[in-house]
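Report on the following structure.
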Amino acid sequence: MAAYWTTTEDEGEVKAYMNALPKIVASRTMHKAGWNNSRVATNIVAEIRQLKQTSEKNIHIFGSAELVASLFPEAGLIDEIMVCVALMALGAGTPLFKPMPVQVPLKLPE
């Protein structure tokens, strides 16, 4: 996303929003994020737990089934799941939800 939003010639409000939005990069190997308003967190569970306690804004996760698995269900840090489906046949890949140690009842709000 950083490669696109920092170089696109589209000058719409989405570009300005994405570049101004505070971002946390969950990584075990990166030490510095190159995108403005970005920082790297090596302990993402602790980072998100602290952020949820100090901010009233929504936190969004883009991508990474492994990241979601670390925050849900055991850490209890995900309140809502919104799924975007891009129809494509790959034949392999990462499942939407990784195996969970406990059954998690989900409630459809609408």
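Any residue that is surrounded by 14 or more Cβ atoms within 10 Å (Cβ to Cβ) and either among the acidic types (D, E) or modelled with pLDDT of 85 or more (or both) - is there at least one of those in the stretch 80-100?
So far as the stretch 80-100 goes, no, none of its residues is surrounded by 14 or more Cβ atoms within 10 Å (Cβ to Cβ) and either among the acidic types (D, E) or modelled with pLDDT of 85 or more (or both).
Suppose the filter is without any contact (Cβ under 8 Å) to a residue 12 or more places away in the chain and either touching a Lys or Arg at 6+ places or on another chain (Cβ under 7 Å) or surrounded by 12 or more Cβ atoms within 10 Å (Cβ to Cβ) (or both); does I48 pass it?
no
Inspect the stretch 59-75 for any residue being free of Cβ contacts under 8 Å to residues at least 24 places away in the same chain and surrounded by 10 or more Cβ atoms within 10 Å (Cβ to Cβ) and give the result as yes or no.
Yes - at least one qualifying residue is present in the stretch 59-75.
What are the residues in the stretch 28-72 that are under 13 Å from the mean Cα position of the chain (by Cα), part of a loop (DSSP other than H, G, I, E, B) and either modelled with pLDDT of 90 or more or among the β-branched types (V, I, T) (or both), if any?
Passing the criteria: I59, I61.
Just give me the residues in the stretch 28-41 being within 22 Å of V68 (Cβ to Cβ), of a type in the set (S, T, N, Q) and surrounded by 13 or more Cβ atoms within 10 Å (Cβ to Cβ), in sequence order.
Result: S38, single match.
When both residues are 6+ apart or on different chains and their Cβ atoms are under 9 Å apart, which pairs have a first residue that lies in the stretch 81-110 and is farther than 20 Å from F62 by Cβ, and a second that is of a type in the set (D, E)?
Final answer for the pair search is M100/E74; P101/E74; V102/E74; P109/E80.
Quick check on this structure: which one of E13, E9, E56 is surrounded by fewer than 10 Cβ atoms within 10 Å (Cβ to Cβ) and closer than 24 Å to P109 by Cα?
Unique residue meeting the criteria: E56.
The values are calculated or read from the model by the stated rules, or taken from the named source; none is laboratory data. Computed from a prediction, not measured in an experiment: that's the story for all the values here. Don't worry about glycine lacking a Cβ; one is built from the backbone with ideal geometry, like all the others, and counts go over all protein chains shown.
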